[in-house]
Each structure stands twice: as C-alpha cells, then as structure tokens.
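Undergrad: A single structure is presented below for examination.
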Amino acid sequence: MGTSNFVIRWINFLTMLLAIAVAIFGVWMSTHHDGCRKSLTLPVLGLGGFIFLVSMIGFLGALKKNAILLWIYLILLCMILVAILVFTVLAFIITNNGSGHNVSGLRYKEYQLKDYSSWFLKQLNNTDNWKQLKSCLVKSEDCNNLAKQYKTLKQYKMAKLTPIEAGCCRPPSECGYPVVNASYYDLSFHPVSSNEDCKLYKNSRVVKCYNCDSCKAGVAQYMKTEWRVVAIFNLALFVVLSIIYFVGCCARRSAGRTRQSKV
C-alpha cells in the first residue's frame, strides 16, 4: 500500500513538470505573429492548466494520504479515461473513409472530397473554417517552395507530393493543363474536364488551388493521417492511465485505512 502512494506521488510530480512545460510552450506560441499558431495558444494553455490541476490533487492526496483528495483525483482520472476512449473511437470512425486515387504517370495520389466522411465535409465546407485554414496554407509557403525543391520539369514529375501539395498547389490532372514548371501551368489551354477546380486554379501564389475541392480533400487526407496517429497514441495513453488509475485506487484504499486506524 505504501508503494502505491509512493508511485502516485512521483507520477504526479512528473506530470506537474510536464504541465509546466506545456504551459511554457503555450506562452511561446502566443509570441508568434502567425495567427495560425496563436489560435492554438488558449487550448494549449488550458491543457497545461488542467494537467497541472489533476496532478496537484493526486500528488497532495498521496503525500497527505488524504482519501477525499484521492477520490477527487480518481474521479477526474476516470473522466479523462472516458474522454480518451470516446475520442479514440470517434477518430477511427471519422477517418475510416477516404483514400487517394492513382493517376497514370504520377508517383503520388490525388484526392476527392466526396470520398471522406460527412464530418470532414461539414468542417471543410464551412466558410469560416476554410477561410482560416486557407490563410494558414498560403502563409505556409508550401506551394511556392515546390519550384525551389524541384528545379526541373523532370524532377517535378517524379516527385512524391504530399496530399496538401497535390491538392492545393496544382490543378487536378484531369484538367489537362500543360506543366511549365513546379509552380506554373499553361492556363491558355482549354481544360478537357468539366471539373470546377479547373476554373478555380490560378498560378498566383495566393490563389493556386486553395479554393478547390481537391485542396479540401488534400487537407482531409492530412487530417485523417494525423488523427490516426493521435488515435493510436491515445490507445497507448489509455493503457498507461488505466494502470495509474489502478495504482490510485490502491493508494485511496490505503489512505482510507490509515484514516480509520487513527479514529
């Protein structure tokens, strides 16, 4: 029983240090002029504050062998476990749909928005959401860096573009626009496809295909990949927190028995 209190104290002491590091990272993000990064400041600070609060309750409960504090700690930890489990299940459901389409002559895939889940469609077709995302994409300079990365037409055609580069930096292949270089297409050529994206694409660095459904599909694929990584991480985190919860239960019982013996 004494071992469980010792373990809970040290685990929560370490997570308090982690929470402080997360909060410092949030403050650092707030110093950036980039609105894309600054928009994450409050969520990161909130996460750091919540981790610190839960860890402090667990640490003090184990240190003082206070059954009430340990009860509060276990309730909060249980809520976290339920939230992780729900988020992980939803993440796997939401990211179940959508995959790229192979195009002859290309080493990367192209993506279509209709292939993805209704949740992705709702979020990406929301005008306000896409306006903010598009602003971040333009500022990232990913599309403009393609010309620096692939200096010849042969290099560009042999490139393995990311989903965002494939969808946002170039028109869909079905448009049939001749490629001049990695950042310029001959738009005097009449598109062979009725795809609306063919009309929306421009060579301008601030326009490109950022208004295209193919760009939204590229972002959806990127989000799908990232969410899958987070979901797998959450599974591992769920197992670790479940073990901590079990140890916390032992510490709570130990604190309860200590209190009864004093009475």
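Undergrad: Check whether at least one residue in region 162-174 is open to solvent by 40 Å² or more (accessible area, probe 1.4 Å) and hydrophobic (A, V, I, L, M, F, W, C), and report yes or no.
TA: No, because not a single residue in region 162-174 is open to solvent by 40 Å² or more (accessible area, probe 1.4 Å) and hydrophobic (A, V, I, L, M, F, W, C).
Undergrad: It is to be established whether one or more residues within region 123-133 are without any contact (Cβ under 8 Å) to a residue 40 or more places away in the chain, open to solvent by 60 Å² or more (accessible area, probe 1.4 Å) and closer than 16 Å to residue 170 by Cα.
TA: No.
Undergrad: So which helices (runs of 4 or more DSSP H) stay within region 160-263 end to end and still have 3 or more residues that are more than 22 Å from residue 135 (Cβ to Cβ) and of a type in the set (A, V, I, L, M)?
TA: Numbers: elements: 163-168, 197-200, 213-262.
Per the criteria, 213-262.
Undergrad: Are any residues in region 159-195 over 30 Å from the mean Cα position of the chain (by Cα), under 12 Å from residue 147 (Cβ atoms) and hydrophobic (A, V, I, L, M, F, W, C), and if so, which ones?
TA: Across region 159-195, the qualifying residues are 179, 180.
Undergrad: OK, next. For residue 234, indicate whether it is modelled with pLDDT under 90 and touching a Phe, Trp or Tyr at 6+ places or on another chain (Cβ under 9 Å). Reasoning before the result, please.
TA: On the way: modelled with pLDDT under 90: yes; touching a Phe, Trp or Tyr at 6+ places or on another chain (Cβ under 9 Å): yes.
Against the criterion (modelled with pLDDT under 90 and touching a Phe, Trp or Tyr at 6+ places or on another chain (Cβ under 9 Å)), residue 234 qualifies.
Undergrad: Please tell me if residue 238 is free of Cβ contacts under 8 Å to residues at least 60 places away in the same chain and of a type outside the set (Gly, Ala, Ser). Lay out the reasoning, then the answer.
TA: Values: free of Cβ contacts under 8 Å to residues at least 60 places away in the same chain: no; of a type outside the set (Gly, Ala, Ser): yes.
When the stated conditions are applied, residue 238 does not pass them.
Undergrad: Out of all the residues in region 141-178, which are more than 14 Å from residue 214 (Cβ to Cβ) and in contact (Cβ under 8 Å) with a residue 60 or more places away in the chain?
TA: Listed by number, the list holds a single entry, 144.
The values are calculated or read from the model by the stated rules, or taken from the named source; none is laboratory data. Bear in mind the structure is a predicted one, so any value in this text is a computation, not a measurement. Don't worry about glycine lacking a Cβ; one is built from the backbone with ideal geometry, like all the others, and counts go over all protein chains shown. Accessible surface is based on the protein model in full, side chains and every heavy atom, while ligands, DNA and RNA are left aside. Shrake-Rupley method; radii C 1.70, N 1.55, O 1.52, S 1.80 Å.
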